[in-house]
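Enquirer: Take this structure first; my questions come after.
Read-outs throughout are calculated quantities, based only on the coordinates presented, and are distinct from any laboratory measurement. Predicted model only: the values in this text are computed from it and were never measured. Note: ideal-geometry Cβ built from the backbone for every residue, glycine included; neighbour counts use all protein chains shown.
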């Protein structure tokens, strides 16, 4: 028997409506500002209804920000991060669930603990590694004395260097590790019945074939959910591209490029920020992740809540 609670339903819907208003109000104000001239945006009281300058503002914002190549760069980085995170999380969870080795749970919890260490916390060592990705190996050679031995024997000085700054590799590789994806895959792999694993083993399927032919087809909804989350995460990256890219003409990202539409008051002598163009550019930058979420909504929800495989 289902209990009828009309008052509770009304209260729940009111709470949801208030949350919806809080979420949509900033987006509405940005849209309204993008449809007016600079004078109208800076006037009082604040405009609450759209104007007729949306398309001119969008064209001017696109031209000033040089969004064409920046969108291509951001799309390449977002797709690279998604592919790296999905692949690495799948392989890591597969090894943790289907292989028996010592300290397996300790490794899992060490991975899981990294959820509390976002990129902003480890930004300095990550940048140091990106500046020379081979520096850890150089340190090992120096500490063990191997580099001095090689120099003494051959006269060749060992100096390992791989600079990832101003490159797609530098933008993508430091972001591909994901404890969230590993946890999501692990929880799904734990629901795979042992009979299925035994049947695959009896058919002569090795670990990689079992992963490719059985687990990945069953993981489509999980892949879609993880890919959706990570695409939005990678598209909205600001701090890491701001640090690792100095050649913004070649490797600039759209979120970082938005700052060009708001002049620095300290360096421009108090120039008036072009808020109408900044809001128009913000709408353009928001479109790809919104489109991905809308298109992947069904798969995204199923991947997060569906456990009956």
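Enquirer: When only C-alpha pairs under 8 Å and at least 6 residues apart count, what is the relative contact order of the chain, in percent? Don't skip to the answer; put the middle values down first.
Expert: Details: 299 pairs, mean separation 93.1, N = 309.
Normalised by residue count, the contact order of the chain is 30 percent.
Enquirer: Per the Kirkwood treatment, what hydrodynamic radius in Å, one decimal, follows for segment 1-62 from the mean inverse distance over all distinct Cα pairs?
Expert: 14.3
Enquirer: Also, I was wondering about something else. At a 10 Å Cβ-Cβ cut-off, how would you order 18, 90, fewest neighbours first?
Expert: By the 10 Å Cβ count, ascending: 18, 90.
Enquirer: Can you work out the base-10 log of I(q)/I(0) for segment 1-139 at q = 0.13, 0.14 1/Å, using the Debye formula on its C-alpha atoms alone?
Expert: -1.01, -1.03
Enquirer: Sticking with this one: Provide Rg and Dmax in Å for segment 55-134, with only Cα atoms included in the calculation.
Expert: In Å, with Rg to one decimal and Dmax whole: 19.5, 63.
Enquirer: Here's another thing I want to ask about it. What is the spin-label model distance, in nm, from residue 144 to residue 66 if the labels are put 7 Å beyond Cα along the C-beta direction?
Expert: Rounded to a tenth, the inter-label distance reads 4.5 nm.
Enquirer: Still on this model: Translational D (Stokes-Einstein, µm²/s) of segment 177-300 at 25 °C and 0.890 mPa s when Rh comes from the Kirkwood sum over C-alpha pairs?
Expert: Details: Rh = 18.3 Å.
Value of D from the Cα-based Kirkwood radius: 134 µm²/s.
Enquirer: Turning to a different aspect of this structure: Which log10 I(q)/I(0) values does segment 125-205 give at q = 0.16 Å⁻¹ under the Debye formula, counting every alpha carbon as one identical point scatterer?
Expert: -0.76
Enquirer: Please report, in cubic angstrom per residue, the volume enclosed by the convex hull of the alpha-carbon atoms of segment 23-96.
Expert: Roughly 128 Å³ of hull volume per residue.
Enquirer: Now, a different point. Which of rounded, prolate or oblate describes the chain when judged by the alpha-carbon gyration tensor and an a/c cut-off of 1.5? Walk me through the numbers before you get to the answer.
Expert: Working: a/c = 2.57, a/b = 1.21, b/c = 2.13.
Taking the square roots of the gyration eigenvalues as a ≥ b ≥ c, the chain is oblate.
Enquirer: Please report 13, 276, 36 as a ranked list, fewest other C-beta atoms within 10 angstrom at the top and most at the bottom.
Expert: 13, 36, 276
Enquirer: I need the per residue convex hull volume for segment 63-219, using only the alpha carbons, in cubic angstrom as a whole number.
Expert: 203
Enquirer: Rounded to the nearest 500, what is the 222 nm mean residue ellipticity of the chain from helices alone, with -39500 (n - 2.57) per DSSP H run of 4+ residues and division by all residues?
Expert: -20500 deg cm²/dmol
Enquirer: Give me the percent of Cα-Cα pairs in segment 169-213 that sit more than 11 Å apart, rounded to a whole number.
Expert: It works out to 74 percent of all Cα pairs.
Enquirer: Sticking with the crude label model, points 7 Å out along Cα→Cβ, report the distance from residue 161 to residue 220 in nm, one decimal please.
Expert: Simple spin-label model gives 5.0 nm for this pair.
Enquirer: Counting pairs of alpha carbon atoms under 8 Å apart in space and at least six apart in sequence, what relative contact order in percent does segment 94-212 give?
Expert: Result for segment 94-212 is 31 percent.
Enquirer: Listing 8, 141 from the residue with the fewest other Cβ atoms within 10 Å to the one with the most, what is the order?
Expert: Working: 8 10, 141 18.
Ordered from fewest to most neighbouring Cβ atoms within 10 Å, 8, 141 come out as 8, 141.
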